[in-house]
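Engineer: Have a look at this one before I ask anything.
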Amino acid sequence: MNSDVAITEGINGYPQFPFNPSESFPEIIRVEVASGLGTNGVYSAVRRILAGLSLDPANFGTSRWNPFSAFVSQGDIVLLKPNWVRDYNVIENAGTDCLLTHTSVLRPLIDYAALALNYAGTIIIADAPLQNCDFAKLRKVSQIDELISYLQPIYPDIKFIVEDWRLTVNDRQRFVGLGAGRRLNQGDESRCQVVDLAERSFLTDLDDYSQQFRVTCYDPALMLRHHTGGHHKYLVTKRIFEANLIINVPVLKTHIKAGVTGALKNLVGINGHKEYLPHHCKGGYQSGGDNFYSGSTFKAAWEELDEWYWKDPNRFPAVIRALLGKSIHIGWKLMGTWSSDDITGGGWSGNDTLWRTILDLNHILYFYDPYTDNLGDTPARHVITFVDGVVSGQGEGPLSPTPMPAGVIYGGFNPAAVELLSLKLIGYNTARIKSVSEALYDLRSKFNIGLRGEARFLDVTHDNVRPITLSEVPGRNFELPKQWKRCGSVVSKK
């Protein structure tokens, strides 16, 4: 797998809708050049990355340049997977630029996908947001429907599809709290395929603790159906097997459970039901869990109460749901007063579960053949990643980030190599972020994304391509999640 990573820096904010390029390019013949709307540094940055990754190099600079032509032909399907986690940011005045993939980054990728399709085919833009996300509001906030309405007359033979891959949602009810809505099924599992990694899963190292696998806000019994007895099953959208090219477009953010959300973590969104996704192990660190570090009678009791509530929230009237949900939330907050740490939900650097789920899903995307039900040794499909770091998220990401104007976009074919750059920008030691270090350097031959030689980093900020070392990329001094600030994996108030 090609391990080149191209980066462009110095991007000063996002352009205005409809995100047209601010200069003409010979290969882009159907798109108007923006006038009076300022410079679109995003569009030209994406173009330089495509060129820097040596896509169709013989034709670059001419009207024949078609960077995705090696992967896509007329009538094919191109899938764009943004980071559409939720339609709002709970941090006041923080906005959604640091939360969601900005649609201006999707725009040039859509144009080049249309070019590769010879202007006839299908472009899908989809994700599986958080269960309480209002997808209609997300579409409005992101302006994705506006963009498609603008582009459809330009590309009349392109079929645009915007999809919500969630199979379960929470009905947000006013006045009783966002987490108090009824749980609703919105689709059947025929939209997805069950993939059992069995002994190839990274979770096999925790098989003795599989009864403790948990994801917040779900009935634990549901997860046990998928991750016990030597089975490690995921329910992934069939779209990833239908697409001829998949473009992964995450936002660079810190993450309270995984450390970073980017090229690797963004693929959690290809799964339909969250009860297939182990996020942490029940209990404290000293009892084999990683929900928190220090255990206590209070925490153990509150865990049981939490699980009792989420077995079936629909059994309670809305007001009771609200009271119970808020009471449980307050209880978790108070635990910091009555115990030596205030860690909840596996949101700390000692989480040894979620990174395994992340790598399993990457393994499926890159190497799983649905026709033979096997994992191959070479990639089964074409995937390229572009990370939106123009306005990144720092602090308590991925749901409550604050803006970090990093001013970068970068991309490549090897997601672990791309993530090396994410860690450098944020300021993490690679060894501390298991999803990246294990992907790159796993010695058990479970994962095929690992480097076959050194990653090569290319600065394409200007028209020339300049090879650089990772140490030459300046870190942006991100604010880390509060439970990741200390150097050790054990976090305590003491």
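Please treat every number below as a calculation from the coordinates, not as lab data. Given the structure is predicted, the values throughout are model-derived calculations rather than measurements. Cβ coordinates were reconstructed from backbone atoms using ideal geometry, including for glycine residues, and neighbour counts include every protein chain displayed.
Engineer: Among 72, 387, which comes first, then next, by fewest other beta-carbon atoms within 10 Å?
Structural biologist: Final ranking by Cβ density, sparse to dense: 72, 387.
Engineer: Which length gain, in nm to one decimal place, applies between residue 120 and residue 161 when the Cα-Cα distance is subtracted from 0.36 nm times their residue separation?
Structural biologist: 13.4 nm
Engineer: Continuing with this model, one more query. At each listed q (0.14, 0.15 Å⁻¹), what is the log10 of I(q)/I(0) that the Debye formula gives for region 250-348 modelled as equal alpha-carbon point scatterers?
Structural biologist: Normalising to I(0) and taking log10 leaves -0.66, -0.75.
Engineer: With r as the distance between the Cβ atoms of residue 208 and residue 334 and R0 = 30 Å, compute the FRET efficiency 1/(1 + (r/R0)^6) and round to 0.05.
Structural biologist: Calculated value: 0.40.
Engineer: Sequence gap at least 6, Cα distance under 8 Å: using those rules, report the relative contact order of region 19-109 to the nearest whole percent.
Structural biologist: Relative contact order for region 19-109 comes out at 27 percent.
Engineer: Only Lys, Arg, Asp and Glu count, each charged at its Cβ (+1, +1, -1, -1), so figure out the dipole size of region 4-484 about its Cα centre, rounded to 20 debye.
Structural biologist: That gives region 4-484 a dipole magnitude of about 680 debye.
Engineer: Whole Å is fine, so just give me how far the alpha carbon centre of region 1-64 lies from that of region 370-434.
Structural biologist: First find each Cα centre; the distance between them is then 20 Å.
Engineer: Go through 239-249, 98-108, 429-439 and give me the packing order, highest mean Cβ count within 10 Å leading.
Structural biologist: Descending packing order for the listed peptides: 98-108, 239-249, 429-439.
Engineer: Kirkwood hydrodynamic radius, region 4-484, all distinct C-alpha pairs: what's the number in Å?
Structural biologist: Computed over region 4-484, the radius equals 23.0 Å.
Engineer: What is the calculated FRET efficiency for residue 154 to residue 305, with r their C-beta to C-beta distance and R₀ = 60 Å, to the nearest 0.05? Before the final figure, lay out the partial values.
Structural biologist: Values: r = 55 Å, r/R0 = 0.91.
In this case the efficiency is close to 0.65.
Engineer: Another question about this same structure. For region 4-484, what's the relative contact order in percent, using C-alpha pairs closer than 8 Å and at least 6 residues apart?
Structural biologist: Working: 1039 pairs, mean separation 95.0, N = 481.
RCO, region 4-484: 20 percent.
Engineer: Let me ask another. Divide by every residue of the chain the summed helix terms, -39500 (n - 2.57) for each DSSP H run of at least 4, and state the resulting mean residue ellipticity at 222 nm, rounded to the nearest 500 deg cm²/dmol.
Structural biologist: -7500 deg cm²/dmol
Engineer: Nearest 10 degrees is fine. How inclined is helix 297-310 to the longest principal axis of the chain, computing both from alpha carbons?
Structural biologist: Here the helix axis deviates by roughly 60 degrees.
Engineer: Full extension from residue 35 to residue 216: what is 0.36 nm times the residue separation minus their Cα-Cα distance, to one decimal in nm?
Structural biologist: The span from residue 35 to residue 216 would gain 60.4 nm if fully extended.
Engineer: Where does each of 197-205, 358-366 land if you order them by average Cβ count within 10 Å, highest first?
Structural biologist: 358-366, 197-205
Engineer: Next question. Set the Förster distance to 30 Å, then compute FRET efficiency between residue 312 and residue 92 from the Cβ-Cβ distance, nearest 0.05.
Structural biologist: Efficiency computed from Cβ-Cβ geometry: 0.35.
Engineer: Suppose each label sits 7 Å from its Cα in the direction of the beta carbon; what would the residue 320-residue 194 distance come out to in nanometres?
Structural biologist: The answer from the label model is 3.3 nm.
Engineer: Residue 65: net charge of surrounding residues, Cβ under 13 Å, Lys/Arg +1, Asp/Glu -1, itself excluded?
Structural biologist: Around residue 65, the surrounding residues sum to 0.
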